[in-house]
1. Is there a residue being of a type in the set (S, T, N, Q), without any contact (Cβ under 8 Å) to a residue 60 or more places away in the chain, under 22 Å from Leu136 (Cα atoms) and surrounded by 12 or more Cβ atoms within 10 Å (Cβ to Cβ) anywhere in region 193-206?
2. Just checking, which of Gly44, Gly90 is at positive phi and in contact (Cβ under 8 Å) with a residue 12 or more places away in the chain?
3. Mind checking which residues of region 265-296 are over 15 Å from Met137 (Cα atoms), in contact (Cβ under 8 Å) with a residue 40 or more places away in the chain and not hydrophobic (A, V, I, L, M, F, W, C)?
4. Can we say Leu217 is farther than 30 Å from Lys124 by Cβ, at pLDDT below 90 and among the aliphatic types (A, V, I, L, M)?
5. Can you name the residue in region 248-278 that is under 22 Å from Leu109 (Cβ atoms) and over 19 Å from the mean Cα position of the chain (by Cα) and is also surrounded by the fewest Cβ atoms within 10 Å (Cβ to Cβ) among such residues?
6. Considering only region 210-229, how many residues are part of a helix (DSSP H, G or I), surrounded by fewer than 15 Cβ atoms within 10 Å (Cβ to Cβ) and either in contact with a helix residue (DSSP H, G or I) (Cβ under 7 Å, 6 or more places away or on another chain) or polar (S, T, N, Q) (or both)?
7. Taking Cys183 as the residue in question, decide whether it is farther than 20 Å from Val254 by Cβ, touching a residue at least 24 places away in the same chain (Cβ under 8 Å) and surrounded by 19 or more Cβ atoms within 10 Å (Cβ to Cβ).
8. If only one of Ile7, Ile36, Ile3, Ile72 is touching a strand residue (DSSP E or B) at 6+ places or on another chain (Cβ under 8 Å), over 30 Å from Glu196 (Cβ atoms) and among the hydrophobic types (A, V, I, L, M, F, W, C), which one is it?
Amino acid sequence: MEIKQLITFKTAADSLNFTQTAKMLNFAQSSVTAQIKSLETELGTPLFERLGKRLVLTEAGSKYRLYADKIIMLNEEAKLAVSGDKATSGTLTIGAQESQCTYRLPPILKAFKKRFPNVKVIFKPAHSDEMARQQLMEGSLDFAFIMDISKPEKGLRLETLVQEEMKLIASPDHPLVLQNSVCPKDLEQETLLLTETGCSYRTLFEDTFRSAEVYPLNKFEFVSIEAIKQCVIAGLGIALLPAMAIDKELKSRVMEELQWRGIYLPIFTQIAWHKDKSMTPPLQAFIDLTRDTFKSH
């Protein structure tokens, strides 16, 4: 097998589309098909199968994907060992929530690109912490930011960076703003503006209602924190969001914090990567920059 075949396989495994793979690698589609076929012949097993119009990995393909990723990373390490930082290239695929991408990552990315200008950084949305964990285990993410309660994870290295402050918010003219405290029962008839299913703090928020045997019927679900904020400002409902995402709006008084008295479990921002992940200089540098940036703030 050749490293070119492995890169083609990994790209195809990520996109599950041979046409898109060909465009990404600047190959003819027939070349992609031939490389995958050659690899399957050498391994003696199919790596992909078609289910209707969908292309999916076989069980063997899913297993081989992890090894292909390691071989590609080792090849990059070998190049780095003799070329130094200036010639470093490659790709880092990072999972992060919208709030991290918007409010925490810009200075990290700026410092990283200054040191590794030829390394491509791809951010993938990580609305669900469980999905981020799964993608790390599968090798489709190199590194991820996770916002969750502190809990061990077999197969991953987890490092806590900071405890996040969560705030319940409403428009300034909402009647609950005047209350000294707000409990789950007070929100039973309110419209809740929620992040996507799988978001850790949404899950904990909903667990609070279940524990209190309160079941709000009016819920809107959004993929964007910014959309939730605009709906809160417009008086369309109440939301629970990280303080880092709403600091500006609270200071300008376009929204107000409610004095929440529901069950509180601490939420932490953590960084995570596979315990067997090859620590290339770019990946190690990104982790170190992340640590330093969070410490400085």
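1. yes
2. Gly90
3. Within region 265-296, Pro266, Thr269, Gln270, Thr280, Pro281, Pro282, Thr290, Arg291, Thr293 meet the criteria.
4. Against the criterion (farther than 30 Å from Lys124 by Cβ, at pLDDT below 90 and among the aliphatic types (A, V, I, L, M)), Leu217 qualifies.
5. Among them, the one singled out is Lys248.
6. Applying the first criterion (part of a helix (DSSP H, G or I)) to region 210-229 yields 210-211, 225-229.
Of the ones still in play, those that are also surrounded by fewer than 15 Cβ atoms within 10 Å (Cβ to Cβ) are 210-211, 226-227.
Among the residues that remain, those that are also either in contact with a helix residue (DSSP H, G or I) (Cβ under 7 Å, 6 or more places away or on another chain) or polar (S, T, N, Q) (or both) are: 211.
Number satisfying all stated conditions: 1.
7. No.
8. Answer to the check: Ile36.
The values are calculated or read from the model by the stated rules, or taken from the named source; none is laboratory data. Computed from a predicted model, the values in this text were never measured in an experiment. So basically every Cβ, Gly included, is an ideal-geometry build from the backbone, and we count neighbours across all protein chains shown.
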